[in-house]
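So the structure is just underneath, and the comments pick up after that.
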Amino acid sequence: MTILEESRPIFPFTAIVGQEEMKLALILNVIDPKIGGVMIMGDRGTGKSTTVRALIDLLPEIEVVENDPFNSDPNDPELMSEEIREKLQRNEKLSVVRKKISMVDLPLGATEDRVCGTIDIEKALTEGVKAFEPGLLAKANRGILYVDEVNLLDDHLVDVLLDSAASGWNTVEREGISISHPARFILVGSGNPEEGELRPQLLDRFGMHAQIGTVKDAVLRVKIVEQRSNFDESPLEFRNNYNQSQQELTKKLIQARELLKKVEIDYDFRVKISQICSELNVDGLRGDIVTNRASKALAAFEGRTEVTPQDVFRVIPLCLRHRLRKDPLESIDSGDKVREVFKKIFV
């Protein structure tokens with residue numbers, strides 16, 4: 001057990017009661033990071049941050065180049081820093097280690113320099129080297145970047161994050177000096193709708209949108225309160241009770257990531273997904289792409305190599321609800337409109 005776990009144990013993911021939509025969206029993004037992240041909107045105290053941070057325990061291990069600040073992949077040039085690529089070209093041997101996929105928390109008051117990294121101009125000019133101090137985007141490469149209260153973040157910073165998440169690269173330019181590094185991460189944002197929605201063009205850039213509300217069922221509420229009390233009283237003992245279920249879910253995620261390459265979605269289903277997007281007047285093609293990816297990830301999670309209409313039905317509200325055109329006074333659709341059109345087309 002790490003020092004971090006001993007000093008601040010994390011609530012187990014498999015112990016979280018309810019909030020199935022949010023848990024599913026997070027799991028699918030871990031299986032296929034190209035889904036494009038998830039935006040979680042919900043009331044205060046509904047366990048958004050707890051659930052996202054609980055994901056850390058489940059994340060599988062990846063191979064990285066030792067002591068590299070960008071978590072460079074030793075086998076994929078697209079996920080390597082410039083320095084590592086140069087070492088490979090010189091046929092230098094790379095020291096490789098395995099580590100868990102990392103999760104980086106973005107503080108609300110973070111500056112652009114803290115997020116993107118900075119170039120030491122003085123060092124660059126006097127010593128002729130590109131002295132780069134990596135930021136949070138470098139640390140998040142091949143991992144998860146979590147932004148709590150994303151709707152309170154400066155719009156410019158949100159743009160920077162979404163651009164990096166979409167392109168997989170972060171470029172820092174200062175005084176004519178430019179440095180790029182891989183920044184391929186799963187962007188997870190959470191927020192409270194009472195504090196304001198994100199602009200539609202920013203919302204559209206999140207692959208999925210999960211909505212969570214306060215649990216209304218009294219029995220469930222009692223169970224949640226009990227779970228939390230037991231955890232607060234004896235965190236390590238509570239975590240031990242969930243060791244097996246946590247390990248099983250991690251194993252399932254690793255197998256799903258492997259199986260994903262073999263999963264196929266029938267041509268007829270792809271046409272129907274695009275018909276749904278067209279009927280709902282979804283702008284652009286992101287909705288079609290994400291729905292296809294999420295459906296395949298769900299099939300892989302359940303150990304299948306073929307997507308079923310039920311897979312599409314489960315993920316399509318998460319993929320499309322935040323892309324629908326809406327009245328400025330309305331909140332985001334709960335997904336009912338998407339499900340109605342699905343039933344009409346998938347008959």
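Readers should treat all values here as calculations from the given coordinates under stated rules, not as data from a laboratory. Source: prediction; values computed, not measured. Cβ coordinates were reconstructed from backbone atoms using ideal geometry, including for glycine residues, and neighbour counts include every protein chain displayed.
Annotations
- Among the listed values (i) 5, 23, 31, 26, 12, 3, 0; (ii) 4, 16, 24, 24, 19, 10, 3, 0, 0; (iii) 4, 16, 18, 14, 9, 6, 6, 7, 6, 5, 4, 2, 1, 0, the one matching P(r) over Cα pairs in 10 Å bins from 0, in percent as calculated from this structure is (i).
- Percentage relative contact order, the stretch 261-346, counting C-alpha pairs under 8 Å, at least six apart: 35
- Alpha-carbon radius of gyration plus Dmax, which is the widest Cα pair, for the stretch 261-346 in Å: 12.8, 44
- Under 5 Å between amide hydrogens, built in the peptide plane, is the criterion, and for MET103 it picks out ILE144 among residues at least 5 positions away or on other chains.
- In the elastic network of the chain, a GNM with C-alpha springs shorter than 10 Å, the most mobile of GLU66, GLU78, GLU86 is GLU86.
- Spin-label pair GLU133/GLU194, simplified geometry with 7 Å Cα→Cβ offset, distance in nm: 3.9
- Amide H contacts of MET39 (H built 1.01 Å from N, in plane; Pro and chain starts excluded): GLY189, MET208, HIS209, ALA210 sit under 5 Å, all sequence-distant by 5 or more or on other chains.
- Restriction of the trypsin sites (Lys or Arg not before Pro) in the stretch 72-107 to DSSP coil positions whose beta-carbon has at most 14 other beta-carbons within 10 angstrom yields ARG90, LYS93.
- GNM flexibility winner over the chain from LEU108, LEU187, LEU136 (Cα, springs under 10 Å): LEU108
- A full extension of the chain between VAL96 and GLN227 corresponds to an added length of 43.2 nm, given 0.36 nm per residue minus the alpha carbon distance.
- Cut-off 15 Å between beta-carbons: net charge of the residues surrounding ASN241, Lys and Arg +1, Asp and Glu -1: -3
- Considering only beta bridges that DSSP places wholly inside the chain, some 45 percent are antiparallel.
- Label point distance in nm, VAL17-GLU258, each placed 7 Å from Cα along Cα→Cβ: 3.6
- Stretchable slack from LYS343 to GLU248, in nm (0.36 nm times residue separation minus alpha-carbon distance): 30.8 nm
- Looking at the stretch 245-347, the trypsin sites (Lys or Arg not before Pro) that sit in a DSSP loop and have at most 11 other Cβ atoms within 10 Å of their own Cβ are ARG325.
- Based on DSSP H segments of at least four residues, each scored -39500 (n - 2.57), the chain has a per-residue ellipticity at 222 nm of -13500 deg cm²/dmol.
- Relative contact order of the chain, defined on C-alpha pairs under 8 angstrom at six or more residues apart (%): 22
- Separation of the stretch 181-204 from the stretch 285-305 is 21 Å, based on Cα centroids.
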